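A short write-up of the structure that comes next.
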Amino acid sequence: MKDKIAEKALLFIALSAILSLLLITFFIFQQGIPLLFKAGFGNFFSTHWSPTRGQFGILSMIVGSLMVTIGALIVGIPFGLACAIFLAEFSSSAIQKTLKPIIELLAGIPSVVYGFMGIVILVPFIRQTFGGPGFSVLAASIILGIMILPTIVSISYDAFVAVPNTYREGSFAVGATKWQTVVMLLLPAARSGIVAGIILGMGRAIGETMAVIMIAGNALKIPGSIFDSVRTLTSTIALELGYAAGDHRAALFACGSVLFIIIIALNIVAIRITGRK
Amino acid sequence: MPLKIGPRTSQIIAYTILLMMTVITVVILFFIILYVFKNGFGQLSIEFLTEKTHDMGKAGGIFPSILGTLFVTVVAIIIATPLGVGSAVYLVEYTRGGLVRRVISFGADCLAGVPSIIFGLFGFIFFVITLRLGWSVLSGGLTLAVMIIPTIIRTTEEAIKAVPRSYREISYSLGGGKLDTILKVVLPTALPGILTGVILGIGRAVGETAAVIFTAGSSLGMPTSLFSSTRTLAVHFYILAREGISMPNAYGTATVLIIIILGVNFVAYRLMHRFIARYY
């Protein structure tokens, strides 16, 4: 009897995560989607954002979000993967045991601190070296790339470690070097884990807010080069939610809806990939 | 004619490049922390940690923000811990594959990937406006609770899975029911692992900005109740740095923030390590 009640109570508790997810979906969409239809898709996917005057174009922000995310991946993937390969295949277990936890500890550095580093070091450096405002696609890409490193390193490392040792032994037995083994056997074998790590890193980059606001410049136009200022979906929400009302606030929730759809799609892909093993 | 590189040479080249890239990565991550500490440690003093904030943060200390961070985090942990641990117990002890398990796992995985600004939007419209809790410690804590539930579920799940099956069998053979076994055998054994999850949740909550700035607010007053608006350390640091109010105080606040988070994560790591050493 007691056990039956406990099981029912635990089932109820266990539904909290999925219920929260549904509640979040409902409230974000309920606030944002009606405006999409009211304003019309043409208006919504244009580049004119002037929400107090009925112009809700978020195209430049979508492009902005994509640009900094791709930039972050260009920075983050090579370094993240190199780190994971080095740790998993080329270093002693002592180095593994020291570096892996250190990199994971660093994953805890708050995003505002990364943004601050952008302001005090990276932005002035870009301004002096390349000219322009410094607050730019480039600055945001580099900082986001660094931010997603721990995610990529940690998940790819686990994927390499999960490849059975017989693969390595077989490869060494036929005279292959470590590097040949990595390229020809381990990379393909660990592929799904690596891709999942990259997708999760991508989700982190596209959803990052505070760090991007601090260093991207937030100008409302599609950037012409990587040295131009850029504004993302997330920065628009955070910059304007404090004072927005009426349709303006609804428009910010519409931005949130677009972002949410992208993130959930990325998550589902990542879960599918890791689940298949 | 393409240059032919032998396998030995390519091995050496690859090793060198990988080593360099790893060193660069680790150096960058360390540099960030050391740079903040170098500029922030001088700022720390008893007064800075215990005094009220004056002049928007140009003068005075950061005590209201330390208190605000503490309150919001405590609310989040009190709510998220039972939900997260309960979910994990159900997943491991009561389900064997099947649809229910898949749905719950999917929910936890997806929730873990939701960006903090979405939690901020949700908390703002649901807790602050719909439930009329206003910008408050309670709204901020509830929002953070939803955010850290997946962290606690995942870590607790691993910890419970690691409890050897024989422990449960002994309990059953002595006539213990399922609930008794869970409460008296499984959970106590898994406790260090569960604590690790809770502590990681604390670390996430303390460093969070986007989810709390629109739910707990940014008031600099001393938080006195669950319904006071408050400005957490991370939000305070964000405002100081972005609006250029006071760079020295921004560095000081960041130093405190990083020390707390690294400390918290280090404790979680040590606990997990001991737990793993015992059961794997």
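No lab work stands behind these numbers, since they all come straight from the coordinates. Here the structure is a predicted model, which is why all the values come from computation and not from measurement. Because the Cβ atoms are built from the backbone with ideal geometry, glycine has one as well, and the counts that use them run over all protein chains shown.
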message = What lysines does A:LYS178 reach when the alpha-carbon gap must be under 19 Å and sequence neighbours fewer than 8 apart in one chain are set aside?
response = B:LYS4
remark   = Restricting to aspartates and glutamates and to Cα separations under 14 Å from A:LYS100, and discarding same-chain partners fewer than 8 apart, the set is A:GLU89, A:ASP158
ask   = Hey, got a sec? Which chymotrypsin sites (Phe, Trp or Tyr not before Pro) in segment A:91-145 land in a DSSP loop and have at most 10 other Cβ atoms within 10 Å?
value = none
message = Whole-Hz ³J(HN,Hα) for each residue in segment A:50-64, computed from phi via Karplus 6.51 cos²θ - 1.76 cosθ + 1.60 with θ = phi - 60°, x for glycine and proline: what do you get?
response = 8, x, 7, 10, x, 10, 10, x, 10, 4, 5, 6, 4, 4, x
ask   = How well do other chains shield peptide B:25-33, expressed as the mean number of their Cβ atoms within 10 Å of each residue Cβ?
value = 6
request  = Return the lysines within reach of A:LYS8: Cα separation strictly under 26 angstrom, same-chain partners fewer than 8 residues apart disregarded; answer none if there are no such residues.
outcome  = B:LYS161, B:LYS178, B:LYS184
remark   = Loop-resident chymotrypsin sites (Phe, Trp or Tyr not before Pro) in segment A:171-256 with no more than 16 other Cβ atoms inside 10 Å, DSSP not H/G/I/E/B, are A:TYR243
inquiry  = Please check: in the Gaussian network model of chain A (C-alpha springs, under 10 Å), which one of A:SER92, A:SER229, A:SER156 has the largest mean-square fluctuation.
reply    = A:SER92
query = What order do you get for B:144-151, A:42-49 when each peptide is scored by the mean count of other beta carbon atoms within 10 Å, highest first?
reply = B:144-151, A:42-49
ask   = Mind listing which trypsin sites (Lys or Arg not before Pro) in segment B:12-106 are in a DSSP loop and have 14 or fewer other Cβ atoms within 10 Å?
value = B:LYS52, B:LYS58, B:ARG96
Alpha-carbon radius of gyration plus Dmax, which is the widest Cα pair, for the protein assembly as shown in Å = 24.2, 81
task = Could you let me know the centre-to-centre spacing of segment B:148-206 and segment B:29-79, using Cα atoms, in angstrom?
result = 33 Å
query = Got the relative contact order for segment A:112-238 handy, in percent, Cα pairs under 8 Å and 6 or more residues apart?
reply = 39 percent
Summed residue charge, Cβ within 15 Å of A:ASN218's Cβ, Lys/Arg positive, Asp/Glu negative = -1
query = What is the average number of partner chain Cβ atoms found within 10 Å of a Cβ in B:170-176?
reply = 0
ask   = Looking at chain B, do any whole DSSP H helices span at least 20 angstrom along their long axis by alpha carbon and average 0.5 or above on Kyte-Doolittle, and which?
value = B:7-40, B:63-89, B:98-113, B:137-162, B:187-207, B:247-279
query = What is the mean number of Cβ atoms from other protein chains located within 10 Å of the Cβ atom of each residue in peptide B:101-112, rounded to a whole number?
reply = 6
query = If you take the C-alpha gyration tensor of segment A:2-275, multiply each eigenvalue by 5 and take the square root, what semi-axes do you get, largest first, in whole Å?
reply = 38, 28, 16
message = Using a Gaussian network model on chain B with a 10 Å cutoff between Cα atoms, which of B:THR181, B:THR155, B:THR69 fluctuates the most?
response = B:THR181
